[in-house]
1. When only the heavy atoms of the protein chains count and the probe is 1.4 Å, how do Cys96, Cys488 rank by accessible area, highest first?
2. For the range 246-399, what are the per-bin percents of Cα-Cα distances with bins 10 Å wide, up to the bin holding the maximum?
3. Compute for the range 40-135: radius of gyration divided by Kirkwood radius, i.e. Rg/Rh, restricted to C-alpha atoms, rounded to two decimals.
4. Here is the link list: Lys168/Lys312; Lys377/Lys444; Lys208/Lys234; Lys381/Lys444; Lys312/Lys382. Which ones come out longer than 18 Å on Cα distance?
5. Considering the convex hull of the alpha carbon atoms of the range 228-330, report its projected area averaged over all viewing directions, in nm², one decimal.
6. Give me the lysines in straight-line cross-link reach of Lys94: C-alpha distance below 17 Å, same-chain residues under 8 apart excluded.
7. Taking square-rooted eigenvalues a ≥ b ≥ c of the alpha carbon gyration tensor, is the range 76-229 rounded, prolate or oblate, where a/c under 1.5 means rounded and, failing that, a/b exceeding b/c means prolate?
8. Ratio of alpha-carbon Rg to the 2.2 N^0.38 Å globular estimate for the chain, to two decimals, please.
Amino acid sequence: MQAFDLYAILPELVLLIATCLLLVASVYVPERVISAPGVEQDVFHTPRGVGFVYFFTIILLVYLVFAFVGRMADPALVAMNGLFQSDPFSNLLKACSCIAVLVSLIYSKQYLMDRALFRPDFIVLALLALLGQFVLISGANLLTLYLGLELMALPTYALVAMRHSSEKSVEAGIKYFILGALASGFLLYGMSMLYGVTGSLDLIEIFKVVADPRVNHLVMAFGLVFIVAGLAFKLGVVPFHMWVPDVYQGAPTAVTLMIAAAPKLAAFALLFRLLVNTLLPLLGDWQPMLVLLAVLSLVVGNITAIAQTNVKRMLAYSAIAQMGFVLLGMLSVFDDHAFSAAMFYAITYVLTTLGTFGLLMVLSRKGYDCETLDGLKGLNKKHPWFAFIGLVMMFSLAGIPPTVGFAAKLGVLEALVDAEHTFLAVIAVIASLIGAFYYLRVVKVMYFDEPEHEITVSGSGFAKGILGLNSILVLAIGIVPAGLMGLCLDAMRRTLLGS
């Protein structure tokens, strides 16, 4: 390993070493253990230890954000003998992933403390999942992509099932694990067929072979079907969406946010690395598959969400429809949008998701989870500021101006029209109108219904301040989206051109 390689993977090394040290160090933080006869002590329940781990995790994530932002101007490079790549695309997505995990931990602290889940192992598992996202986003080899995917997924399975006293949580963890393993099998089988045709695991070498017209196109297309199916599982789009509602509803809200936010960026990166970076010559084969998945997701996700009374389950079907928009963004024309519309949509969706689940956790308290529409009734009468935050988030998810969701949807629709997919743009608009019904129903419940029980607000003042800042950003980027849009377009073009 050369110094060049160490520089390329330095943030990942820092995260790995810091995570291991935090896990070990938490054990040595002295605790006052009050032992009761016949009561088994929980070795992970270390209040002082978790405070130590939480504090240094926040510092670590802030450092990583600045590290990746500082690298965004660097040219694209490939390190570790072609296994790892650092480019503007990966650095932007990693910075956004760090921010998503950072904000998720800030929102989750009080929620986890009230449910005895605020433990060192929770934070360490979240950091290990983040490390997997880093590896996945920067994968330059099929093996690196798969290892990153599993490193991201395995800690997430454990997080979902961490509340072992809840049957729903354990059931969600089992479903997530089984279907996640099935998706990994699809993806791995498709990769193996890709290797069989090209004779290489390196993405650049595969691209060169695929571009050769003499390659066996039939076997390549067959392997592509399995790859797209595996990607669809990870994105949670129809018809591979069956795990999404159950996991969103069954997992603790803090864990649901860990699944709904940062991993979506990593899944988008996997989609980009495999289909655009590697299999762009097969554009005519994989784009029709994405069209079918996107249209099904928009229709099924939005229509099914209307019937939901559980907010987390409604947001799960909403996520399915939102990922349909991301897939539509992958139909862009390179010269005009360079697939940046999909990237902008994924980033802004994560920003809105953070605020939405953050609000649900702030409105939850010990012994009560704010998960149903009834729990939001009359919120404006008791807490008008938090009702306004909820309104902003619902408007953004629905794509109503001046929120960032409108700018994101408009960007995808422009990309579709420029790529001469006008009919798909019409379908997307109709699906968005259907989706607006259940988003506006939440607003109606908050502003016009009478409260059925006492509504309390939990969480620290710092978490509430970050939640307010989150809502302001959703509005500000919606009003002035050019900065982030230009950043996404520049990162995508420089990555594709290798500069």
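The values are calculated or read from the model by the stated rules, or taken from the named source; none is laboratory data. It should be emphasised that the depicted structure is a prediction, and the values quoted were computed from it without experimental measurement. Cβ sites come from the backbone with ideal geometry, for glycine too, and all protein chains shown count toward neighbours. In case anyone asks, the SASA skips ligands and DNA or RNA and just uses the protein heavy atoms, side chains included. Shrake-Rupley method; radii C 1.70, N 1.55, O 1.52, S 1.80 Å.
1. Cys96, Cys488
2. The calculated distribution, bin by bin, is 10, 37, 31, 15, 6, 1.
3. Rg/Rh for the range 40-135 comes to 1.08.
4. As for pairs spanning more than 18 Å Cα to Cα, those are Lys208/Lys234; Lys312/Lys382.
5. Convex hull of Cα atoms, orientation-averaged projection: 5.9 nm².
6. The reachable lysines, counting only those whose Cα sits under 17 Å from Lys94, are Lys264.
7. Oblate, since a/c reaches 1.5 and b/c is not below a/b.
8. So the chain has a normalised radius of gyration of 0.95.
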